[in-house]
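One structure is given here, and the rest of the page talks about it.
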Amino acid sequence: MTLNQLQTHFLSLFGTHAQGIADAPGRVNLIGEFTDYNNGFVLPCSLGFRTQVMFKQRDDNVITVHSLNYPSEHDSFTVHDEIVAGPSQWGNYIRSVAFVLQRAGHTLKGADLLISSDVPQGSGLSSSAALEVAIAGMFNHIAGLALNNEQIALFGQQAENDFMHCQCGIMDQLISAKGESGHALLIDCQNLATSAVKIPDDLNIVIVNSNYPRKLVDSEYNQRRIDCEQAAKKMNIATLRDATMTKLINAKDTLTVNEYKRAHHVISENERVIAATNALKNNDMDALRELMSASHQSLKHNFEVTVPATDGLVEICQEALADRGAVRMTGGGFGGAIVCLCRAQDVALVQEAVNTHYHARFNLHGDIYVCTAGSGLTITTLTD
Ligand code: ADP
Ligand code: MG
């Protein structure tokens, strides 16, 4: 939607012009899965798909929010009062961010808000983090909180953990807040240090959402976290970040089979992230393919978070691309999306293979997104 169209919508809803736009991207993780909450390394990339929040500060303490993605429903609540969950499922994401900012002692201001987004929801591109980061960026701007992008990301994560009750790590919000156009971001989740890694100009990111109906995701996700924490405890280390294969093998007798397998994934995945960062810098497709394939196999056999539909999609796309591309599952698993890295001229191979084979094998439709790496959170002020 163009800026003019958005302004017209805003004016018709609120009878006034917006003063600015907070704009944050969805993301895809190239490699480093389930390593963030183990204080390890991840290599995500912010996308051109974005969530925009148009805003106008109000004189009172009321937040009124509409979303063009949910036109039949809006939410309204008062900052300064204690913030509790409301009747709108999506409205709670706005409340969650206000809640954690207030809990930290920040004084917020009322605002009229209009959300517009082209980030696909529930497809593994983290539309929730894009929304949280844009909302936190908006509050930061209108209430003059002087938060940096890392703090904005941490508030977004707290909102998701403590109000929306999803125990995600920091990756999604940090890449949405700090992403750089044309770059992936190597994140050290132990100290949140980031380093931008240029994505070679001729490399395309193709994401395929399996549309597999996800079940038991939260309970399985939380169980994996517990397995990792138990493995670290038995190895006498704070987190699996401090583990090595030698330590793991020495501790094998004390670990359950699952704890051993989960830890094996995390230790090997951290090594793969560092190697993949170098491969990306060198535009080394052979190394990327080997690393992404090894990551997928580890997620399948050791972390056990793939399903036949995502394993099948990876097979279909890898077979189509052969030595011309690198493929793996991406995101929280149990369905969700896969990611392919390939040259622009080979994108059609992926499209054709998915359209020909995926529905035939799994009776599901695969949504294909050809993406570029967009920038992180931006705040734009508008003049009337
Ligand atoms: P994902 O983050 O993988 O896209 P989630 O289930 O974590 O999936 O987050 C999706 C939820 O985020 C939606 O159900 C909705 O509540 C909220 N959301 C995301 N984008 C928007 C939007 N543009 N407008 C309103 N709510 C949104
Ligand atoms: Mg989410």
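The values are calculated or read from the model by the stated rules, or taken from the named source; none is laboratory data. None of the values given here were measured: they were computed from a predicted structure. Ideal geometry is used to build each Cβ from the backbone, glycine not excepted, and the neighbour counts take in all protein chains shown. Quick note on the areas: whole protein, heavy atoms, side chains included, nothing else; ligands and nucleic acids left out. Shrake-Rupley method; radii C 1.70, N 1.55, O 1.52, S 1.80 Å.
Observations on the structure shown:
- Ile83 passes every criterion in (1) in contact with a helix residue (DSSP H, G or I) (Cβ under 6 Å, 6 or more places away or on another chain); (2) within 14 Å of ligand 1 (Cβ to nearest atom); (3) modelled with pLDDT of 95 or more apart from (2).
- Residue within region 17-27 that is more than 18 Å from the chain's Cα centre (by Cα) and open to solvent by 60 Å² or more (accessible area, probe 1.4 Å) present: yes
- Selection from region 153-171 of residues that are assigned to a loop (DSSP other than H, G, I, E, B), farther than 13 Å from Ala98 by Cα and either open to solvent by 30 Å² or more (accessible area, probe 1.4 Å) or more than 12 Å from ligand 1 (Cβ to nearest atom) (or both): His165, Cys166, Gln167, Gly169, Ile170
- Within region 44-152, strands (runs of 3 or more DSSP E) holding 1 or more residues that are within 30 Å of Met292 (Cα to Cα): 111-117
- Residue check, Val28 in a strand (DSSP E or B) and farther than 21 Å from Gly376 by Cα: no
- Set Leu174, Leu203: member being open to solvent by less than 10 Å² (accessible area, probe 1.4 Å) and hydrophobic (A, V, I, L, M, F, W, C): Leu174
- Residue satisfying all of: in region 113-122; near ligand 1 (Cβ under 6 Å from one of its atoms) and among the small types (Gly, Ala, Ser); most open to solvent (accessible area, probe 1.4 Å) among these: Gly122
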